[in-house]
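Q: One structure coming up, written as structure tokens, with questions to follow.
The values are calculated or read from the model by the stated rules, or taken from the named source; none is laboratory data. The model shown is predicted, which means the values in this text are computed figures rather than measured ones. Note that we place each Cβ from the backbone using ideal geometry, even for glycine, and neighbour counts take in every protein chain shown. Only protein heavy atoms, including side chains, enter the accessible area calculation; ligands, DNA and RNA are left aside. Shrake-Rupley method; radii C 1.70, N 1.55, O 1.52, S 1.80 Å.
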Amino acid sequence: MIIKQRGFVVALVAVVSLLAAGCSGSSSDSGGPVTLTYWDFLDPSQDNPRAKALKENIAGFEAANPDINVELAVVSLGDMLNRLPQAAAAGQAPDVFKMFTPQVPQMASAGAYSPLPAAASEAGDWLRSIDTLAGPEGKQVAVPYEYRTCAFYYNEKVLKRLNVEVPKTYAEVVTVAGKAADAGLTGFGTGFSDADNSAIIATFFDCFMSQVGQPIWEGDKAVFATEMGIEFGNFLAALRDAGGLASSVTSDTYGTVADGLANGTVAMAVLGTERIVTMASQNPDVKWTALPAASTGDGIGATIGWTLGIGAGSEHADAAWKFIEYLTGPKGAAVMATGGEVPTRAAAYQEPFFSTPEAETVNKIAEYVKSNSKPHTYADNWIAVATGLSRAGQDLYLNKKSGSEFITSAEGAANK
């Protein structure tokens with residue numbers, strides 16, 4: 001990773017100031033009580049199921065390990081991507097941090113991780129291979145905290161009003177999106193903003209490429225500007241031509257599209273399965289199903305999600321692994337699942353919670369993720385791919401570029 005020296009120094013001072021209280025005063029594992037610094041994007045003070053579950057899990061871990069205190073810093077993914085390499089270079093990386101699957105190789109290449117202890121692979125009951133979460137030297141650096149993949153969301157009330165069936169193919173999505181647009185709605189919600197690391201368009205792209213069997217990279221080189229890749233661009237162009245995209249698509253983000261689904265102004269979208277529980281509580285008319293079929297391939301999207309790793313240079317690796325093992329283990333995973341997130345280890349599903357009516361939805365999500373997704377390895381330039389997609393999408397919408405021009409532009413940006 002190339003960092004301009006002046007910007008690095010300024011950011012480094014900020015990071016050292018932010019973390020000094022939480023990192024420099026911690027005790028070693030063998031010298032008595034330990035304070036673990038933990039970076040997570042969730043704020044436990046917020047009133048939502050996932051935040052509440054995190055708060056409960058931190059309290060549960062501390063109760064079970066009275067000699068370990070967890071000091072949480074709420075850090076957005078964007079800030080984390082900027083701060084972690086700088087913090088690691090300063091010897092001030094957090095002991096444990098969350099990271100989204102596609103960004104793990106980038107952070108590993110930037111030196112943000114310590115290799116995980118052997119116990120991580122010895123656990124043996126991970127539901128998906130963890131081999132894709134390795135650093136440049138092949139050493140394991142992260143384990144999955146929760147699993148998710150893409151699902152097709154639709155507003156059942158809107159589709160009934162339009163007198164149409166739930167689309168089964170992407171071609172049918174375009175047709176229904178056009179009818180929704182004629183009714184004054186956004187037919188298909190997506191976004192070309194590069195805020196939030198271009199999350200919505202990048203996640204959809206990742207799953208679509210998995211569906212059609214198109215590798216995104218060969219080694220470190222992006223190679224998705226193929227006939228199968230162009231189909232993704234053609235779908236977006238067809239939505240545009242049908243009037244099915246929002247006029248705000250160039251600035252829309254994951255959050256604004258999810259809000260549109262919840263308030264009934266967006267008819268359909270492809271989002272992650274982690275939104276299912278929250279969406280159902282906001283608007284029962286919003287339903288979900290498997291991804292539409294492309295012209296080739298199947299309905300198998302990418303297995304993605306948040307991961308947990310130990311920060312570079314952590315003096316508390318044993319305590320850090322205890323915390324990670326608790327969060328991914330049966331008790332922690334059962335609490336996490338109350339927020340709709342899918343546990344990653346088989347042992348979790350033996351907890352009593354998963355046999356209760358309250359667990360019905362998360363069990364369905366878990367089965368869907370198992371049956372309709374698979375993990376793959378990412379190169380260390382996912383942000384370049386995501387940014388290239390968002391900027392090519394803006395060009396596609398504003399300047400009427402073709403699907404072929406869209407995908408070629410995105411690939412070129414990823415390879416710069």
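Q: Which of the residues belonging to segment 219-245 are at pLDDT 95 or above, open to solvent by 10 Å² or more (accessible area, probe 1.4 Å) and part of a loop (DSSP other than H, G, I, E, B)?
A: Result: VAL223, ALA225, THR226, ALA242, GLY243, LEU245.
Q: Quick one: would you say VAL277 is touching a residue at least 60 places away in the same chain (Cβ under 8 Å), closer than 18 Å to ALA53 by Cβ, in contact with an Asp or Glu (Cβ under 9 Å, 6 or more places away or on another chain) and aliphatic (A, V, I, L, M)?
A: Numbers: touching a residue at least 60 places away in the same chain (Cβ under 8 Å): yes; closer than 18 Å to ALA53 by Cβ: yes; in contact with an Asp or Glu (Cβ under 9 Å, 6 or more places away or on another chain): yes; aliphatic (A, V, I, L, M): yes.
Answer is yes for this residue.
Q: Counting residues that are closer than 20 Å to THR273 by Cα, which helices (runs of 4 or more DSSP H) fully inside segment 310-416 reach at least 1? I'd like the intermediate steps shown before the answer.
A: Details: elements: 317-328, 330-337, 360-372, 382-398, 403-414.
Correct list: 317-328, 330-337, 360-372, 382-398.
Q: I've got another one for you. Quick check on segment 252-289: of everything there that is surrounded by fewer than 16 Cβ atoms within 10 Å (Cβ to Cβ) and either in contact with a His (Cβ under 6 Å, 6 or more places away or on another chain) or small (Gly, Ala, Ser) (or both), which residue is nearest to SER76 (Cα to Cα)?
A: Within segment 252-289, the match that is nearest to SER76 (Cα to Cα) is GLY255.
Q: Moving on. Residues in segment 158-181: is at least one of a type in the set (Gly, Ala, Ser), in contact with an Asp or Glu (Cβ under 9 Å, 6 or more places away or on another chain) and closer than 27 Å to HIS376 by Cα?
A: Checked segment 158-181: no residue is of a type in the set (Gly, Ala, Ser), in contact with an Asp or Glu (Cβ under 9 Å, 6 or more places away or on another chain) and closer than 27 Å to HIS376 by Cα.
Q: If you go through segment 275-291, how many residues are closer than 30 Å to THR37 by Cα and either of a type in the set (Phe, Trp, Tyr) or part of a loop (DSSP other than H, G, I, E, B) (or both)? Explain how you work it out, then say what you get.
A: First pass over segment 275-291, keeping only residues closer than 30 Å to THR37 by Cα: 275, 277-278.
Imposing the further condition that a residue be either of a type in the set (Phe, Trp, Tyr) or part of a loop (DSSP other than H, G, I, E, B) (or both) reduces the set to none.
Of the residues in segment 275-291, 0 are closer than 30 Å to THR37 by Cα and either of a type in the set (Phe, Trp, Tyr) or part of a loop (DSSP other than H, G, I, E, B) (or both).
Q: Determine, yes or no, whether GLU358 is in contact (Cβ under 8 Å) with a residue 12 or more places away in the chain, open to solvent by 10 Å² or more (accessible area, probe 1.4 Å), closer than 30 Å to PRO94 by Cβ and of a type in the set (D, E, K, R). Break it down stepwise before answering.
A: On the way: in contact (Cβ under 8 Å) with a residue 12 or more places away in the chain: yes; open to solvent by 10 Å² or more (accessible area, probe 1.4 Å): yes; closer than 30 Å to PRO94 by Cβ: no; of a type in the set (D, E, K, R): yes.
When the stated conditions are applied, GLU358 does not pass them.
Q: Here is a follow-up. Of the residues that make up segment 292-302, is at least one touching an Asp or Glu at 6+ places or on another chain (Cβ under 8 Å) and assigned to a helix (DSSP H, G or I)?
A: For segment 292-302, residues touching an Asp or Glu at 6+ places or on another chain (Cβ under 8 Å) and assigned to a helix (DSSP H, G or I): absent.
Q: Out of all the residues in segment 179-196, which are open to solvent by 10 Å² or more (accessible area, probe 1.4 Å) and either farther than 23 Å from ALA386 by Cβ or without any contact (Cβ under 8 Å) to a residue 12 or more places away in the chain (or both)?
A: We begin by selecting, within segment 179-196, every residue open to solvent by 10 Å² or more (accessible area, probe 1.4 Å); these are 179, 181-186, 193-196.
Residues satisfying the conditions are LYS179, ALA181, ASP182, ALA183, GLY184, LEU185.
Q: Would you mind finding the one in GLN86, GLN92 that is among the polar types (S, T, N, Q), open to solvent by 30 Å² or more (accessible area, probe 1.4 Å) and over 14 Å from THR307 (Cα atoms)? Full working, then the answer.
A: Values: GLN86 fails: open to solvent by 30 Å² or more (accessible area, probe 1.4 Å).
So the residue among GLN86, GLN92 that is among the polar types (S, T, N, Q), open to solvent by 30 Å² or more (accessible area, probe 1.4 Å) and over 14 Å from THR307 (Cα atoms) is GLN92.
Q: Out of the residues in segment 110-151 that are more than 24 Å from ALA319 (Cβ to Cβ) and buried (at least 24 other Cβ atoms within 10 Å of the Cβ), state the one that is farthest from the chain's Cα centre (by Cα).
A: Checking each candidate, the answer is ALA151.
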